[in-house]
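Here the structure is laid out as structure tokens; the discussion comes afterwards.
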Amino acid sequence: MPFLDRIGIDFGRRVAVEDAVAIAARNGVKYIDVQADIAPNALECFDEARCAAVREACAANGIHLGLHTLSGVNVAEISPFLRDAADAYLKAYVDLAVRLAADWVVVHGGYHFTSCREIRKAASLERLKRIVGYAEEKEVLLQLENLNGEPQRAEVHYLPDTLEDTIWYFEQIKSPNLKWAFTINHAHYDPIGIAGFVDGVGLARCDEVRVADNNGEYELHMHPGTGTVDFVDMFRRIEGAGFDGHYMCGWGTVDQMLEGRTYLVERAREAGVVGAS
């Protein structure tokens, strides 16, 4: 497979999923992510006719569709009513994945406030265990994303945002239906960097590598080549560790991501990646 075919586009909520599929088809993109929280892809708007049309369009164009839950929904929720809502939210995404024949659903561990880290981390784990069990029943693949670290003195922190916590979740949930969505720009400004995450977690459970550049200091999703990520080294390490899955662009506009795929192929070629010619 040409390496370019392994580089996808995260459309998020920028366009309707039907338009995302059409844009992908016109540009030879084989992997796409969409968010289904609000218009134009509000989850409750997917009736059977719309689902069937999306399934057929993806199949006809050889496009792999993924769904991406919103990191702002707190999977570590502990409050009455909201606890049930967080469960229902994740379950609804799994159900939509079945109806759309989506290949994966990206999930998160939620977030905690410094004074209640342990109780929220425990709630996060139990909720993810429940949704993984449900995904197993429905034969849906989930991807857990490593999120961005915040300054040490910040009150709010995502889960998982460190190597230690990323490893912890996968040690606690040993299921073939939970894989890793490795976001390299989140790892880049951690003190251990991308290399530390690759070496520490390993890529055996990695199903997707999410790509953007970063300034090495704080949370940014920058166009590749405008920050400080060494993409040649990144590709050399990730491909050298045996990763053969897809990459997902996540920055800027759709046109900027389409343009950035060429830059990524050029860096992969410098790294000696097979198919990057």
From the option list V15, V21, V29, single residue qualifying as within 20 Å of A60 (Cβ to Cβ), open to solvent by 10 Å² or more (accessible area, probe 1.4 Å), not basic (K, R) and not in a strand (DSSP E or B) is V15
Only one of V98, V21, V105 is touching a residue at least 40 places away in the same chain (Cβ under 8 Å), β-branched (V, I, T) and in contact with a strand residue (DSSP E or B) (Cβ under 9 Å, 6 or more places away or on another chain), namely V21
Okay, helices (runs of 4 or more DSSP H) sitting entirely in the range 157-267 with 1 or more residues that are more than 27 Å from R14 (Cβ to Cβ), polar (S, T, N, Q) and open to solvent by less than 10 Å² (accessible area, probe 1.4 Å), I get 163-172
Those residues of the range 131-156 which are surrounded by fewer than 15 Cβ atoms within 10 Å (Cβ to Cβ) and in a strand (DSSP E or B) amount to V156
In the range 85-107, anything in contact with a Phe, Trp or Tyr (Cβ under 7 Å, 6 or more places away or on another chain) and either buried (at least 17 other Cβ atoms within 10 Å of the Cβ) or modelled with pLDDT under 95 (or both) is listed as V94, L96, V105
Every listed condition ((1) on the phi < 0 side of the Ramachandran plot; (2) of a type in the set (G, A, S); (3) touching a residue at least 12 places away in the same chain (Cβ under 8 Å)) holds for G110 save (1)
Worksheet item: Somewhere in the range 75-86, is a residue in contact (Cβ under 8 Å) with a residue 12 or more places away in the chain, in a helix (DSSP H, G or I) and β-branched (V, I, T)?
Response: no
Of T69, T114, the only residue that is touching an Asp or Glu at 6+ places or on another chain (Cβ under 6 Å) and of a type in the set (V, I, T) is T114
Of the residues in the range 95-130, those that are among the aliphatic types (A, V, I, L, M), over 25 Å from H157 (Cα atoms) and in a helix (DSSP H, G or I) number 4
Only one of F46, F11, F81, F113 is modelled with pLDDT under 95 and hydrophobic (A, V, I, L, M, F, W, C), namely F113
TODO: Report whether or not A39 is in a loop (DSSP other than H, G, I, E, B), in contact with a helix residue (DSSP H, G or I) (Cβ under 9 Å, 6 or more places away or on another chain) and open to solvent by 50 Å² or more (accessible area, probe 1.4 Å).
DONE: yes
In the range 118-130, residues that are open to solvent by 70 Å² or more (accessible area, probe 1.4 Å) and farther than 26 Å from R99 by Cα total 2
Reported set for the range 42-70 where residues are open to solvent by less than 70 Å² (accessible area, probe 1.4 Å), free of Cβ contacts under 8 Å to residues at least 60 places away in the same chain and within 18 Å of L90 (Cα to Cα) is A42, L43, F46, L65, L67, H68, T69, L70
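The values are calculated or read from the model by the stated rules, or taken from the named source; none is laboratory data. Everything numeric here is computed off the predicted structure, so don't read it as measured data. Note that we place each Cβ from the backbone using ideal geometry, even for glycine, and neighbour counts take in every protein chain shown. Ligands, DNA and RNA are excluded from the accessible area calculation, which covers all protein heavy atoms including side chains. Shrake-Rupley method; radii C 1.70, N 1.55, O 1.52, S 1.80 Å.
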